[in-house]
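Quick notes on the structure that follows.
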Amino acid sequence: MKFLVLIALLAGGAYFYMGNKEEFKINNYQDLLKKAEVEPVTMSEVKLGSNMLATFFCNDENFQKTGGSSVEKCLNTYNTFKSMCEDKIFVDLEQRVVSKDAVTKIAKRYTECVGIK
């Protein structure tokens, strides 16, 4: 009987833990970094966040001007290289990335690949 009570407590605890796990929605690159601080993220999520970061930089007119470019030129370059860079960097979309630092390095590599420096 004690064994059954112990199993019930463990099962209840596991259910409670899984049910209360915070759900992260990735609406921008910062959301991706917040999630990566507390749990592993998939390479698919890193791909999503990296694309959001790239388009954010491309659409930042002041950032583009200081780099000697324009929003239109950046977006054209980004769209030209996007598919090739995704295929090169995001090979296994189910792979887990376990740290914020690793996410940052992958995103930097991707943004440089699509022409954003």
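With 19 Å as the limit, the listed pairs LYS34/LYS88; LYS65/LYS105; LYS65/LYS100; LYS34/LYS100; LYS34/LYS65; LYS47/LYS105 have LYS34/LYS88; LYS65/LYS105; LYS65/LYS100; LYS34/LYS65 beyond it between alpha carbons.
Largest first, what is the accessible-area ranking of GLU86, GLU23, GLU112 with a 1.4 Å probe? Walk me through the numbers before you get to the answer.
Numbers: GLU86 30, GLU23 150, GLU112 80 Å².
Putting GLU86, GLU23, GLU112 in descending order of accessible area: GLU23, GLU112, GLU86.
Based on the Cβ-Cβ distance from GLU37 to GLU112, what FRET efficiency comes out when R0 is 25 Å, to the nearest 0.05? Please list the in-between numbers first.
Details: r = 23 Å, r/R0 = 0.93.
Rounded to the nearest 0.05, the efficiency is 0.60.
If you take the beta carbon distance between MET84 and THR104 as r and set R0 to 25 Å, what does 1/(1 + (r/R0)^6) give as a FRET efficiency, to the nearest 0.05? If you can, show how the numbers build up before the last one.
Numbers: r = 22 Å, r/R0 = 0.87.
Result of the calculation: an efficiency of 0.70.
Please list, in order, the residues from region 19-60 whose amide nitrogen is less than 12 Å from a point placed 7 Å along the Cα→Cβ vector of ASP92. Under 12 Å, as judged by backbone N against the label point of ASP92, lie 43 of region 19-60. Shape analysis of region 34-93 based on the Cα gyration tensor places the equivalent ellipsoid semi-axes at 25, 15, 6 Å, largest first. For the listed peptides 57-63, 47-53, 104-110, a ranking on the average number of other beta carbons within 10 Å per residue, highest first, reads 47-53, 104-110, 57-63.
The values are calculated or read from the model by the stated rules, or taken from the named source; none is laboratory data. It should be emphasised that the depicted structure is a prediction, and the values quoted were computed from it without experimental measurement. With ideal geometry, Cβ positions are generated from the backbone for all residues, glycine too; neighbour counts draw on all protein chains shown. Just so you know, the surface numbers come from the protein's heavy atoms only, side chains and all, with ligands and any DNA or RNA stripped out. Shrake-Rupley method; radii C 1.70, N 1.55, O 1.52, S 1.80 Å.
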